[in-house]
Amino acid sequence: MIDVHASILMLDTETTNDIDCPICYDLGYQIFTLADGILCQKSFVNADVFCDAELMASAYFAEKIPNYWDDIVSGKRILKKWFNIKKELAEDCKKFGVQIACAHNAAFDNRALNITQRYITTSKYRYFLPFGITWWDTLKMSRQLLKSNEDYGEFCYKNDYLTSRGCRRYTAEIIYRWLSGCEDFVESHTGLEDVDIERQIFEYCLTQDPEIDGRLWND
C-alpha cells in the first residue's frame, strides 16, 4: 500500500530511432503525493538528440518539431543537455524524497531512458534514474482493475477499442476517454501533457484498490 504522503515521480518520454532501441528527445515529469497533489513539474527537450536533424528524422511524431521550437522559445519547455536533465531530475528526486517512478507502459520508458543514457555516454553510465527508485506501471495497474470492469468493457466494445483478437485495449488515451467522459480526447504525445493524464489514471487505480501491486517487476 502506498502512503498518501509518499512522493511519486510520474514521467513520460517521447522518442526517436526505432521501438527496439528508442532514444529520448522529450522528457516530462511530475512529482506528487496522493495527499498534497503536484509538488513539481518540468518539461525538458534533450538537446543532444533534438538538435541532431538526422536522428530526429525518425522521430515518431516528427511533425511536432516546429511546435517544440515554439515551446522552447516561449519557455514552456527547456532545452538542455542530457547530463543536465539527469542531474536536475536526480536533485528533484532527492529534494522530495522520491521512492517510486511510474509511467504508462513503464518498461518502454525505462528502456528509452537507459538506452539514451548509454548512447550519449557511450555506455560509461548505463542507468538514468537514481539508484533505489522502484518502477510502477499504470498499464499493469489498469489491466488488473479494468479487465473485469463491465462498464469499461462496454465502452471498449461500443467504440471498437479492441485488439485484433477482440480483447480490450488499455492505452492511456482510451482509459482517459473513459475516465473523463470526453470521448473525443486525443493524447498529446508530448511528455508533460501525457504525464498529467497518466497521473490521473494512477490515482484512479489507487482509489479503486489501495492494495494494488503496480510494481513493474516483482521482487
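Listed here are the helices (runs of 4 or more DSSP H) enclosed by segment 55-124 that have at least 3 residues being among the charged types (D, E, K, R): 82-96, 106-121. What number of residues within segment 25-48 are in contact with a Leu (Cβ under 6 Å, 6 or more places away or on another chain), farther than 17 Å from Ser74 by Cα and among the aliphatic types (A, V, I, L, M)? The qualifying residues number 1.
The residues in segment 125-163 that are part of a helix (DSSP H, G or I) and among the aliphatic types (A, V, I, L, M) can be counted, and the count is 4. Candidates are the residues of segment 44-91 that are closer than 24 Å to Asp18 by Cβ and hydroxyl-bearing (Ser, Thr, Tyr); the one that is modelled with the lowest pLDDT is Tyr60. Applying the condition of being among the aliphatic types (A, V, I, L, M) and buried (at least 21 other Cβ atoms within 10 Å of the Cβ) to segment 77-128 and asking which residue is farthest from Lys64 (Cα to Cα) yields Val98.
Filtering segment 117-161 to residues that are more than 16 Å from Tyr204 (Cβ to Cβ) and of a type in the set (Phe, Trp, Tyr) leaves Tyr119, Tyr125, Tyr127, Phe128, Phe131, Trp135, Tyr157, Tyr161. Taking the numbered list (1) in contact (Cβ under 8 Å) with a residue 60 or more places away in the chain; (2) within 28 Å of Glu63 (Cα to Cα) in turn, Glu211 passes all entries but (2). Each residue in segment 172-195 was checked for being of a type in the set (D, E, K, R), under 15 Å from Thr13 (Cβ atoms) and in contact (Cβ under 8 Å) with a residue 24 or more places away in the chain, and 2 pass. Screening Asp52, Asp12, Asp18 for residues that are acidic (Asp, Glu), exposed (fewer than 15 other Cβ atoms within 10 Å of the Cβ) and either touching a helix residue (DSSP H, G or I) at 6+ places or on another chain (Cβ under 9 Å) or in contact (Cβ under 8 Å) with a residue 24 or more places away in the chain (or both) leaves exactly one candidate, Asp18.
With respect to Asp20, determine if the residue is of a type in the set (D, E, K, R), more than 30 Å from Asp3 (Cβ to Cβ), at pLDDT below 95 and out of contact with any Pro (no Cβ under 8 Å at 6 or more places or on another chain). Yes; evaluated as a whole, the condition is true for this residue. Among the residues here, Tyr161 does not qualify as modelled with pLDDT of 95 or more, in contact with a helix residue (DSSP H, G or I) (Cβ under 6 Å, 6 or more places away or on another chain) and surrounded by fewer than 17 Cβ atoms within 10 Å (Cβ to Cβ). Restricting the first member to segment 25-36 and to residues that are in contact (Cβ under 8 Å) with a residue 40 or more places away in the chain and part of a loop (DSSP other than H, G, I, E, B), and the second to residues that are surrounded by fewer than 24 Cβ atoms within 10 Å (Cβ to Cβ) and not aromatic (Phe, Trp, Tyr), the beta-carbon pairs closer than 6 Å and six or more apart or on different chains are Leu34/Val4. For beta carbons closer than 8 Å, sequence separation of 6+ or different chains, a first residue in segment 60-86 that is free of Cβ contacts under 8 Å to residues at least 24 places away in the same chain and more than 17 Å from Glu187 (Cβ to Cβ) and a second that is among the aromatic types (Phe, Trp, Tyr) and part of a loop (DSSP other than H, G, I, E, B), there are no qualifying pairs.
The values are calculated or read from the model by the stated rules, or taken from the named source; none is laboratory data. Fair warning: this is a prediction, and the values are worked out from it, not measured in the lab. With ideal geometry, Cβ positions are generated from the backbone for all residues, glycine too; neighbour counts draw on all protein chains shown.
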